[in-house]
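K.L.:
Pasting a structure below so you can have a look.
The values are calculated or read from the model by the stated rules, or taken from the named source; none is laboratory data. Remember, it's a predicted structure, so these values are computed and weren't measured experimentally. FYI the Cβ positions are ideal-geometry reconstructions off the backbone, even for glycines, and counts take in every protein chain you see.
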Amino acid sequence: MQRKFLFLFSDTGGGHRAAAQAVRDELMRVYGSGAAIAMIDVLTALRRWPFDRFPAWYPAMVGLNGIPWKLGFYLSDHSAVVRLVSWWGWLYGRGALHRLLRQHPADVIVSFHAVPNYALTLARRHLGLSQPLAVVVLDLLSAHAAWFTCDAELILTPTDAARARALRCGVPIDRVQVAGMPTRRAFMEAAAWPRAAARAHLGLPQETPVILLVGGGDGLGPLAAVVKSLVARCPPAHLVVIAGRNQALATVLRALPGPLQVEGFVSDMASWMRAADLLVTKAGPNTLAEAFIVGLPMVFYAAVPGQEAGNVAYVVERGAGLWAPRPEQAAEAVLSLLSRPQARAEMAARAASLARPEATEFIARKLWELAANHSGSRQANGISPHRAQRATGRASLHN
Ligand code: UDP
């Protein structure tokens, strides 16, 4: 019997989509055409200003040295504040949100984003929908309170620390489980390749160390300054910068003198990571989880204040990365690690020990179970899942 899933994410950065894609692909790998998944950028789909502008504004919002973002993060990082703000957001955007839920009838709603969760539970209650809500949390330590709505039937966290945060936010203990970070299968496959094969595939030199520099999906933070600082020191390495969707950054870097390979948004990040000896990155949670799987040591040049601060602590305390928040520090850290292959190898082993390659399959199976239980209980009550949703949809057309 087919199960329907509504996956909600948003392109505020590249990580929410990457995680949703990883779980979608895993559901399809394990359950084949039995799993039908609708993927929606929920903030854009609402078509309500300012929510639909969030993906475009995100790079600027976390910029400006991150101070306004940090302030907003910590001031709103309480369940009571989240409930209040979400209630206002739901009042304002409920017509569009209700329409979206009616247009995509599903056995389970799955959120991969912190922002819509409380509003989703309000919408569900208002429409009389009975399908469960699952939240896949994507921050390792400092996950915002907005992830943890107490009305979700299932909350899957990447770490014990995130689970503890869920409990502190009042989520019942039987509704939260540690799953690990969802990661695309390509990273598991790449981890099994020889590094030389990945380099040959990408046309990279075999004999020189390869340094990969990335700023998440949007090429965020002072990446240009880090690259300039590094190029000025003439490191004995091949430098590859992945600028992601940040075209302005790619243009600036392509104009730099010196040996430097600049790529835009790449779809095969797994190959690039497998080919590299060292990753210089912002502390995005998905990038970290991917680097763990391929066993790649890291130098962090930046972290989005609030949600990514805990990621740095998590990796640095476990010896898999270095924190170098100024461009010169980042360049020096790279040079130092280039000259110490043994230290690099130890960091790589520690990174690999943090990998949770089974996480994505675990998450897919949990979601499937939730869908099966839900449609099973509805059938036991003699209700067809989608007839029930159509009925509630009709009843609420005037809401
Ligand atoms: N990514 C990608 N291609 C690129 C740049 C980034 O596929 O050219 C992916 C990367 O592999 C990771 C995600 O985008 O899965 C970035 O997520 P992260 O949580 O690290 O940072 P965010 O972009 O969400 O701030």
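K.L.:
Test each condition in (1) of a type outside the set (A, V, I, L, M, F, W, C); (2) under 23 Å from the mean Cα position of the chain (by Cα); (3) not in a helix (DSSP H, G or I) for residue 86 and report the one that comes out false.
P.N.:
For residue 86, the failing item is (3).
Here's the yes/no breakdown for (1) among the hydroxyl-bearing types (Ser, Thr, Tyr); (2) within 12 Å of the ligand (Cβ to nearest atom); (3) over 30 Å from residue 78 (Cα atoms); (4) in contact (Cβ under 8 Å) with a residue 24 or more places away in the chain:
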| site | (1), (2), (3), (4) |
| --- | --- |
| 299 | no, no, yes, yes |
| 309 | no, no, no, yes |
| 313 | no, no, no, yes |
| 317 | no, no, no, no |
| 333 | no, no, yes, yes |
| 340 | no, no, yes, no |
| 343 | no, no, yes, no |
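K.L.:
Step by step: first the residues of region 188-200, then only those that are out of contact with any Ser or Thr (no Cβ under 9 Å at 6 or more places or on another chain) and within 16 Å of the ligand (Cβ to nearest atom), then the one that is farthest from residue 28 (Cα to Cα). Which residue is that?
P.N.:
The residue in question is 191.
K.L.:
On the basis of being at pLDDT 95 or above and closer than 21 Å to residue 15 by Cβ, does residue 261 make the cut? Outline the logic, then answer.
P.N.:
Working: at pLDDT 95 or above: yes; closer than 21 Å to residue 15 by Cβ: no.
The answer is no for residue 261.
K.L.:
Evaluate the following for residue 80: is it closer than 26 Å to residue 156 by Cβ, touching a helix residue (DSSP H, G or I) at 6+ places or on another chain (Cβ under 7 Å) and modelled with pLDDT of 95 or more?
P.N.:
no
K.L.:
Could you say which residue among 341, 327 is within 26 Å of the chain's Cα centre (by Cα) and farther than 19 Å from residue 189 by Cα?
P.N.:
It is 327.
K.L.:
Restricting the first residue to region 200-218 and requiring it to be over 14 Å from residue 297 (Cβ atoms), which pairs with a second residue that is aromatic (Phe, Trp, Tyr) meet a Cβ separation below 7 Å and a spacing of at least six or different chains?
P.N.:
202/272; 218/58
K.L.:
Does residue 14 meet the test of being within 16 Å of the ligand (Cβ to nearest atom), under 30 Å from residue 309 (Cβ atoms) and in contact (Cβ under 8 Å) with a residue 12 or more places away in the chain?
P.N.:
Judged against the criteria, residue 14 is a match.
K.L.:
Sticking with this structure for a sec: Scan region 28-40 and tell me whether some residue there is surrounded by fewer than 15 Cβ atoms within 10 Å (Cβ to Cβ), more than 16 Å from the ligand (Cβ to nearest atom) and at pLDDT below 90.
P.N.:
No, because not a single residue in region 28-40 is surrounded by fewer than 15 Cβ atoms within 10 Å (Cβ to Cβ), more than 16 Å from the ligand (Cβ to nearest atom) and at pLDDT below 90.
K.L.:
Taking only region 55-71 into account, find how many residues are within 16 Å of the ligand (Cβ to nearest atom) and in contact (Cβ under 8 Å) with a residue 40 or more places away in the chain.
P.N.:
8
K.L.:
Only one residue in 210, 171, 176 is in contact with a strand residue (DSSP E or B) (Cβ under 6 Å, 6 or more places away or on another chain) and more than 30 Å from residue 133 (Cβ to Cβ), so which one is that?
P.N.:
Residue meeting the stated conditions: 210.
K.L.:
For region 295-310, does any single residue satisfy the condition of being at pLDDT below 95 and part of a helix (DSSP H, G or I)?
P.N.:
yes
K.L.:
Taking residue 194 as meeting all but one of (1) touching a residue at least 40 places away in the same chain (Cβ under 8 Å); (2) surrounded by fewer than 17 Cβ atoms within 10 Å (Cβ to Cβ); (3) out of contact with any Phe, Trp or Tyr (no Cβ under 9 Å at 6 or more places or on another chain), write down the number of the exception.
P.N.:
(1)
K.L.:
Would you list the helices (runs of 4 or more DSSP H) that sit entirely within region 206-285 and hold 2 or more residues that are farther than 28 Å from residue 314 by Cα, within 15 Å of the ligand (Cβ to nearest atom) and not aromatic (Phe, Trp, Tyr)?
P.N.:
On the way: elements: 223-232, 247-254, 269-275.
Output list reads 247-254.
K.L.:
Here are some conditions: (1) within 16 Å of the ligand (Cβ to nearest atom); (2) surrounded by 15 or more Cβ atoms within 10 Å (Cβ to Cβ); (3) not acidic (Asp, Glu). Residue 51 meets all but one. Which one does it not meet?
P.N.:
(1)
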